[in-house]
Every structure is written in structure tokens, then in C-alpha cells.
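Only one structure is covered here, and it is reproduced in the block below.
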Ligand SMILES: *Cc1c(COP(=O)(O)O)cnc(C)c1O
């Protein structure tokens, strides 16, 4: 998006403001789709939790995506946005049997990641096919290390417990129609991902009624200079080859599924905030903005480095700033970061603000959540109004 467009939006919709570039979402979606164009049945399940605005979900629906959900509320949002139950997969962790049953009875594909619920579900509903989430115990280390990690991760059914899964299947007569993995780590090295995939294939061989293999996500996008993006084209080539070979061995066509969040929406997002105060101390220049970790928590929560640009003074001399929020505890977006000279009233733009930004926002310090705008066909569409005082009062009861 052009700087002038972003400034125009900050002016028209006020700050703080989230802006999403629909073109960029489409671009990323196409890139992934094209990388796997040789796969007959490819299913891209957008991970709703990254950015769950229903207009964004509608946009995904229009592009032909399906969705991946982690709560019954995300399922309801998906249905509301127009997805059919069969276009939704439910991949929760640690939720109750009741919630899983409720979602399954809507006709949504469920994915179970522990033996206890699998057995209870299979006993009660043997006719509803279930996908299982396995834990391949593969972690991408610093660079090339492939380590058998996290034997006690809370996610997935350990591959060492597959014999137990098979016993449950036999006893309950339930059907396993999909195998899934999502290691959660960034794919820096494609070989590590392929290594984990081998474990998925190996596990898959033991189930006779599969319809799909779900390779989860972990696609990485660059946040700062020097960061790499997962090489989707190379992954596409290598995994496609292996997948086609597996289909032959398995003796049946299967669907290949992915469930990216970050890859599809991260770079499409821009968070715009206004500088309230520039504060010079003896050693540091603080730029205090009209927002805080209530609106964008990734820098504080994960140490994420979002690039920050001063849209109001793009040619200004670069100086070092510590960009902070207005929350009454430490909320630092960036430490001693080189940014074009900042004056009070300037508009700062945070990059990579599409994924896990608005969706993790809160009302801490009793602030309103920002508005959201979708930039579609060179025009702004307001897709969420800024909150107001009524929103803060909603659901509260006076003495
Ligand atoms: C969060 C999540 C994703 C999306 O991960 P990204 O890193 O945003 O691509 C995919 N699958 C599951 C099960 C998840 O919990």
C-alpha cells in the first residue's frame, strides 16, 4: 500500500487503526496455491485465529479457501461469514468433549489431539469420521538441527501412541479420515518440514480410510530485514513429489491440506498510530503513541520485531527512538530503533500487523479497541467500527 493511502486512512478513520490490504492477502493465497498446483485436491484452511474479522473471512470464502478453527466461537463466525460446515475444520486443544460434540454435530470436520477424548468420542459417535492430530516430535532447532523435541508438548497425540489409537479405532469401530500435524515452529529449513512430513506419511500408512493429510502450518514471513520467508515454491515442488508418490503407495487419491494464518495475512496488515508525545531523557528519546499492548501485544509477548515507519516524515533524518505505548506499565514496541525523525502528531505505521494483532487485542486500561479497514480495489471498507463507551459498559452490572 502507498504511504499516501495509509495517511489518508489515518486521517479519515482516525487512529489507532488497523488496515488490511486485500490484494496482498490474495497474492499470498495465490502463491501458496500455485506452489501446489500439481496437487489434484488441495485444501487451504485459513487459520481464523490470526485475524478473525468476518469481512476478512468472507474475502477468504470468495477466494475459495476453507477455514481452520480452534474454538466453537470461531466456527460460528465462519458459518456467519458464509462457510458451509464441510468447509471448516475444528482443531482445538484442551477443549471439552461437549464442545467437540457440538461442533461435530454441526457437520464440521473435527480433529482430535488426545487419546482420552478420542476414545470417548469414538464410543459415543462411531459413525462420525475424525481426524487425529499427531505430534511428530520434530522441532526445528537454531538452523539445521533436527531434534526429537518436546516429548511432553501439550499438542497432538505422540507418534509413539499410534498403537493405542489403532486399538481405540478397533474397539469403537470409529473411522479416522485424516491425519494432521502442526508443529507450530517456523519453517526455516524445508528439509526439517519434509522430515516431519515423512513421519506423517509413516503414521498415515496405518490408517486405511484416510481422505486427507493435513500438514498444518509454520510458514514463515519476514518481519525485519534479514528475515527469510519460507521458500514455498521449493516446498511445493518437493512435497508434491513425495505426496504423489505416497498416494500411489496408499492406493488412493487424497486431499493435501494446509492451515496457514500468518503466511496469508501478516504482511497484509498495517497498524497506524499517532505520536502523542516525544520525550527526551538523558539517554533515550521516547516516542509515545496513542496505543499500547492492549492493541498490539506481539512485541511485548513474543519479542516480535515489527518494523515501524514514520509515514509523516519519510525523508526525515534517521534518529534512534524507543517507541512506547500509553499503558500504565512497561509497554515497549521497539528499543532504540532507527526511525525517520518523529514529531508529535506524526503517524507511525507498524508492519506485519495482519496476524495475531487485532485478534489478540484487549480493553486493558479501559481503552477502546481500534477500528479495522479493508483496502479492497483501491477503496477503504470499514469492517469494524471503533469501540465506544457503550462497548465498555456492555455486560457490566451496577450495584
Ligand atoms: C495457529 C494455528 C495455525 C496457524 O499458524 P500460523 O503460524 O499462523 O500459520 C495452524 N494450525 C493450528 C492448529 C493452529 O493452532
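Coordinate-derived values only; no laboratory data. Predicted model only: the values in this text are computed from it and were never measured. Don't worry about glycine lacking a Cβ; one is built from the backbone with ideal geometry, like all the others, and counts go over all protein chains shown.
Observations
- C-alpha center-to-center spacing [the stretch 76-105, the stretch 228-253] in angstrom: 28 Å
- Rounded, prolate or oblate (a/c below 1.5 giving rounded, otherwise prolate when a/b exceeds b/c) for the stretch 280-391 by Cα gyration tensor: oblate
- By the Cα gyration tensor, the stretch 1-141 has an equivalent ellipsoid whose semi-axes, rounded to whole angstrom, run 33, 18, 15 from largest to smallest.
- Shape call, the stretch 166-262: gyration tensor on alpha carbons, a/c limit 1.5: prolate
- Placing a label point 7 Å from the Cα of residue 237 along the Cα-to-Cβ direction, the residues of the stretch 167-196 whose backbone N falls under 15 Å of that point are 190-191.
- Mean residue ellipticity (222 nm) of the chain, computed from DSSP H runs ≥ 4 via -39,500 (n - 2.57), nearest 500: -9000 deg cm²/dmol
- The Cα-based radius of gyration and maximum Cα-Cα distance (Dmax) for the stretch 35-111 are 12.4, 39 Å.
- If you plug the beta carbon distance of residue 245 and residue 30 into 1/(1 + (r/R0)^6) with R0 = 22 Å, you get a FRET efficiency near 0.25.
- Extension gain, residue 153 back to residue 301 (0.36 nm per residue minus Cα-Cα distance, nm): 51.3 nm
- Residue order, fewest to most surrounding Cβ atoms within 10 angstrom, among 233, 98, 372, 341: 98, 233, 341, 372
- Divide the volume of the convex hull around the Cα atoms of the stretch 205-325 by the residue count and you get 161 Å³ per residue.
- Förster-model FRET efficiency, 45 Å R0, residue 329 and residue 164, C-beta, rounded to 0.05: 0.45
- Evaluated over the chain, the Cα radius of gyration and Dmax, each in Å: 22.7, 71
- Antiparallel bridges, percent of DSSP beta bridges restricted to the chain (to nearest 5): 45 percent
- Packing order of peptides 357-369, 275-287, 209-221, highest average first: 209-221, 357-369, 275-287 (average count of other Cβ atoms within 10 Å over each peptide's residues).
- Between residue 62 and residue 366, the modelled labels are 4.0 nm apart [label points 7 Å from Cα along Cα→Cβ].
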